[in-house]
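Input: a single structure, listed below in structure tokens.
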Amino acid sequence: MLIGIDWGGTKMEVIALSPHGETRARHRIDTPRAGYDACVTAVRDLVAHVEAETGERGTVGLGIPGSPSPRTGLIRNANTTFLNGKPLGADLQTALDRPVRITNDGNCFAVSEAVDGAGEGAHVVFGIIIGTGHGGGLVIDGRVHAGFQGFAGEIGHYPLPWMRPDEYPGHTCWCGKTGCQEMYASGTGLELDYRLTTGRAKRGRDILADKRAGDAVADGVYRRFADRLARSLALLVNVVDPDVFVLGGGMSNVDELYADLPPLIETYIFGDGFETPIRKAVHGDSSGVRGAAWLWKDSATSA
């Protein structure tokens, strides 16, 4: 049995999968507000919950809003800031009495869609979460490619590619740098552009509804968003050239993107055409927790 946990800012979810991907148990709780120790205890209790329900013991994978350093094992780059600097892997291994595999939640999304989702069967899958933030994960032959230092796929924090004069030097990101892709090609970026353009705040879904109703300002905000996302995908084609892109997060539900992005990307890539499929995630909100379980896919395959 493979157990996965998605550690989010507002909720924690656990799933137990069979080696073939069938769901055996699933449970969700609110993320504890009392801090690090309470969250470690919550992970332990979630694992105990599904093991009691199924009567089986499983491997444990965990997706978090950050990543462990391969050198020190300490968590870094987490926007759940109390995780940063903590030896989460070691603490969970003690709490659960077994090894735990931990990776960024973007990697979990990508591996889920690569194993049995929209990227199933593809050699190289790049998964992109476009929600409140903008993150990604690179999967090769069904396994996460985190890179030598564990930074692969951190696309939300490279600068907006081919930045225009009116975009330079870029918005200040929560990470402290300016011009990060996360501040443009995300739901947050869409809403920020609308507010800077109109002086009024509006939710992303309302902006998109206005665009579909023929509002010129909202349409312009959407078209800038699509162009900025296309620039990011074009950069990834130039560097990685994956077999498929899989989109997740709230903005992946904007159906117009799947027709609008390919011709935009083609204008930016260093090549003679763009044919890479861009697909919506099959597992939706479940991709993160399923991907965390699939971090132990090798053990399931060899069992």
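The values are calculated or read from the model by the stated rules, or taken from the named source; none is laboratory data. None of these values were measured; they are calculated from a predicted model. Because the Cβ atoms are built from the backbone with ideal geometry, glycine has one as well, and the counts that use them run over all protein chains shown. Protein only, heavy atoms only, side chains kept; ligands, DNA and RNA dropped before computing areas. Shrake-Rupley method; radii C 1.70, N 1.55, O 1.52, S 1.80 Å.
Summary table
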| quantity | calculated |
| --- | --- |
| Check on ASP206, in contact with a helix residue (DSSP H, G or I) (Cβ under 7 Å, 6 or more places away or on another chain), at pLDDT 95 or above, outside any loop (DSSP other than H, G, I, E, B) and open to solvent by less than 70 Å² (accessible area, probe 1.4 Å) | no |
| Residues being surrounded by fewer than 17 Cβ atoms within 10 Å (Cβ to Cβ), in contact (Cβ under 8 Å) with a residue 12 or more places away in the chain and of a type in the set (Val, Ile, Thr) - total across region 1-24 | 1 |
| Selection within region 276-298 - more than 18 Å from the chain's Cα centre (by Cα) and at pLDDT below 95 | TRP296, LYS297, ASP298 |
| Region 162-201: number of residues that are open to solvent by 60 Å² or more (accessible area, probe 1.4 Å) and within 18 Å of GLY250 (Cα to Cα) | 1 |
| Among (1) touching a strand residue (DSSP E or B) at 6+ places or on another chain (Cβ under 7 Å); (2) on the phi < 0 side of the Ramachandran plot - the single one THR197 does not satisfy | (1) |
| Residue that is nearest to HIS157 (Cα to Cα) [pool: residues in region 57-73 that are modelled with pLDDT of 95 or more and open to solvent by 30 Å² or more (accessible area, probe 1.4 Å)] | THR59 |
| Candidate set: region 25-41, residues that are within 13 Å of LEU83 (Cβ to Cβ) and more than 21 Å from the chain's Cα centre (by Cα); chosen: the one surrounded by the most Cβ atoms within 10 Å (Cβ to Cβ) | VAL40 |
| Residue match in region 185-199 (condition: touching a residue at least 40 places away in the same chain (Cβ under 8 Å) and part of a loop (DSSP other than H, G, I, E, B)) | yes |
| Considering residues of region 235-253 that are open to solvent by less than 30 Å² (accessible area, probe 1.4 Å), assigned to a helix (DSSP H, G or I) and closer than 19 Å to ALA122 by Cβ only, the residue modelled with the lowest pLDDT | SER252 |
| Hits in region 108-136 (condition: over 10 Å from the mean Cα position of the chain (by Cα) and either surrounded by fewer than 24 Cβ atoms within 10 Å (Cβ to Cβ) or of a type in the set (D, E, K, R) (or both)) | GLU113, VAL115, ASP116, ALA118, GLU120, GLY121, ALA122, HIS123, VAL124, THR132 |
| Whichever residue in region 255-284 is part of a loop (DSSP other than H, G, I, E, B) and hydrophobic (A, V, I, L, M, F, W, C) and, among such residues, is nearest to ARG224 (Cα to Cα) | ILE269 |
| Filter result for GLY147 (over 17 Å from the mean Cα position of the chain (by Cα), at positive phi and surrounded by fewer than 19 Cβ atoms within 10 Å (Cβ to Cβ)) | no |
| Selection status of SER287, assigned to a helix (DSSP H, G or I), open to solvent by less than 20 Å² (accessible area, probe 1.4 Å), among the polar types (S, T, N, Q) and touching a residue at least 24 places away in the same chain (Cβ under 8 Å) | yes |
| Given (1) touching a Phe, Trp or Tyr at 6+ places or on another chain (Cβ under 9 Å); (2) under 30 Å from VAL60 (Cβ atoms), index of the condition ILE265 fails | (2) |
| Within region 93-160, strands (runs of 3 or more DSSP E) holding 2 or more residues that are touching a residue at least 24 places away in the same chain (Cβ under 8 Å) and within 28 Å of GLY204 (Cα to Cα) | 124-130, 134-140 |
